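One structure below.
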Amino acid sequence: MIEVKQVSKRYGEKTVVDQLTFTAQPGQVTGFLGPNGAGKSTTMRMIVGLDTPTSGEVLVNGRRYAEHAAPLQEIGVLLDAKAVHPGRTAGNHLLALARTHGIPRRRVDEVIELAGLTKVAGKRVGNFSLGMGQRLGIAAALLGDPGVVMLDEPVNGLDPEGVLWVRHLLARLAAEGRTVVLSSHLMSETSLIADHLVVIGRGKLLADTSVESLVAQAAGGGVTVGTTATTLLGGLLAGPGVTITRVAEEELLVAGLEPRQIGVVAAEHGIPLFELTPRTVSLEEAFMDLTRESVEYVSHLELAR
C-alpha cells in the first residue's frame with residue numbers, strides 16, 4: 001500500500017505538490033494522472049525518497065521508504081528507463097541490483113525471461129531501443145518480487161505486443177494482491193488497465209475515484225433516443241425525476257430513465273426507435289474536462305478553440 005498524507009513540496013516560492021492525500025490500495029491498478037507540470041513525477045520521487053516532502057508524510061507498506069531494510073522487496077519502481085549505465089549489459093545491470101539486496105541469480109534470470117529479454121541479456125544497454133529499455137526497467141522493478149509496483153509511462157516505446165504484455169502483467173500483479181500504480185498520458189490504455197484513478201492538477205487532488213465514476217460524471221448521464229415521434233414519446237416518458245430535452249428533430253436526450261424502461265414504453269405504444277444509447281464519453285474527454293483549468297502548457301491551437 002502507498003499512503004500519501006497531506007504532502008506538500010515547495011521549491012523556493014513555487015509549490016509543486018499542494019496538500020496531496022490519496023491511498024493506492026492492494027489488489028488494484030491505480031492510474032495516477034495529470035497534465036504536464038501537475039506534480040506527478042515529484043510525488044513519485046517523494047514516494048521512493050528521491051525528494052523529501054516539505055510537509056506531510058509518504059508511507060510504503062506502513063513505513064517511509066528509507067526505513068525499509070530491503071526497499072526493492074517492498075516497492076519496485078520504473079521512473080526513468082534511461083537511468084542505466086549504457087556500458088553494462090542487461091544481465092549485469094540486474095545482477096548488480098540483485099546483489100545489493102541478497103537476491104539470488106535465479107531471480108535475475110526469471111525477470112529477464114518475464115520481460116522477454118533473454119536473447120539480449122548479454123548486450124550493452126546503450127544499444128537498446130526505447131522499447132527494450134522499457135522492458136529492462138520493468139524487469140528491474142519486479143526484481144525484488146515486491147508487494148508494491150509503481151511504473152511511470154511503462155508502455156512508452158513498446159510495440160503492440162509489448163503494450164498488451166504490460167496490460168496483462170499489471171492485471172496479473174493486481175490479481176495477486178499487489179498494489180500497482182501506473183502513471184501515463186495514454187488515456188485509452190489507462191482506461192483498459194486501471195481500476196481506480198487519482199488525478200492531480202497544479203499539485204492538488206482533482207479526483208480520487210473509479211474510471212467508471214469519472215467517465216459517468218463527465219458524461220452527465222442520460223440516454224440518446226432516436227425516433228420519428230419525439231413529441232409523442234416525450235409525453236409518455238415525462239414524469240417525476242425525468243428530464244427530457246429535444247436535441248434535434250428526431251432526437252431526444254432523456255435523463256432519469258434507463259434504456260430498457262424507454263424501450264418498453266416505446267414498444268407498448270408502437271413507437272419506432274432507431275437509436276437508444278446511454279450517453280458516454282471517453283476517459284480522455286473526461287480527463288480533459290476535469291483538468292482544463294490545471295493545464296500549464298497550452299498550444300496556440302488550443303487557445304484558438
**Prompt:** With (1) touching a Lys or Arg at 6+ places or on another chain (Cβ under 8 Å); (2) within 30 Å of residue 36 (Cβ to Cβ) as the list, and residue 221 as the residue in question, which single condition is left unmet?
**Reply:** (2)
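One line per residue, one yes/no per condition, for (1) surrounded by fewer than 18 Cβ atoms within 10 Å (Cβ to Cβ); (2) touching a Gly at 6+ places or on another chain (Cβ under 8 Å):
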position	(1), (2)
12	yes, no
47	no, no
52	yes, no
62	yes, no
74	no, yes
**Fill in**
Per the filter on the stretch 242-281, residues over 26 Å from residue 218 (Cβ atoms), among the β-branched types (Val, Ile, Thr) and touching a strand residue (DSSP E or B) at 6+ places or on another chain (Cβ under 9 Å) are none
**Fill in**
Within the stretch 173-225, restricting to residues that are closer than 22 Å to residue 16 by Cα and in contact with a Pro (Cβ under 8 Å, 6 or more places away or on another chain), the one that is modelled with the highest pLDDT is 182
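Conditions (1) modelled with pLDDT of 95 or more; (2) outside any strand (DSSP E or B); (3) surrounded by fewer than 18 Cβ atoms within 10 Å (Cβ to Cβ), marked per residue:
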position	(1), (2), (3)
5	yes, no, yes
30	yes, no, no
36	no, yes, yes
57	yes, no, yes
**Prompt:** Just wondering, is there one or more residues in the stretch 189-205 that are within 30 Å of residue 24 (Cβ to Cβ), in a helix (DSSP H, G or I), free of Cβ contacts under 8 Å to residues at least 24 places away in the same chain and out of contact with any strand residue (DSSP E or B) (no Cβ under 6 Å at 6 or more places or on another chain)?
**Reply:** no
**Asked** How many residues does the stretch 212-258 contain that are in a loop (DSSP other than H, G, I, E, B), within 36 Å of the chain's Cα centre (by Cα) and among the hydrophobic types (A, V, I, L, M, F, W, C)?
**Response** 2
**Request:** Just give me the residues in the stretch 146-175 being farther than 21 Å from residue 48 by Cβ and either charged (D, E, K, R) or not assigned by TED's automatic domain parsing to the domain that holds residue 47 (or both), in sequence order.
**Result:** 159, 161, 167, 172
**Asked** Hey, any hits in the stretch 255-269 for a residue that's acidic (Asp, Glu) and under 28 Å from residue 31 (Cα atoms)?
**Response** no
**Message:** On the basis of being surrounded by 15 or more Cβ atoms within 10 Å (Cβ to Cβ), in the same structural domain as residue 161 (by TED's automatic domain parsing) and touching a residue at least 60 places away in the same chain (Cβ under 8 Å), does residue 114 make the cut?
**Reply:** no
**Complete:** Selection over the stretch 9-25 where residues are in contact (Cβ under 8 Å) with a residue 60 or more places away in the chain and more than 15 Å from the chain's Cα centre (by Cα) yields a count of 8
**Prompt:** Are there any pairs, at least 6 apart or on different chains, whose C-beta atoms fall under 9 Å, with the first in the stretch 152-164 and at positive phi and charged (D, E, K, R) and the second crowded, with 19+ Cβ neighbours inside 10 Å and part of a helix (DSSP H, G or I), and if so, which?
**Reply:** 153/134
**Message:** Please go through (1) surrounded by fewer than 17 Cβ atoms within 10 Å (Cβ to Cβ); (2) in a loop (DSSP other than H, G, I, E, B); (3) aliphatic (A, V, I, L, M) for residue 81 and return the number of the only condition it doesn't satisfy.
**Reply:** (1)
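The values are calculated or read from the model by the stated rules, or taken from the named source; none is laboratory data. Nothing here was measured: the structure is a model prediction, and the numbers come from that model. We place every Cβ from the backbone using ideal geometry, glycine too, and count neighbours over all the protein chains shown.
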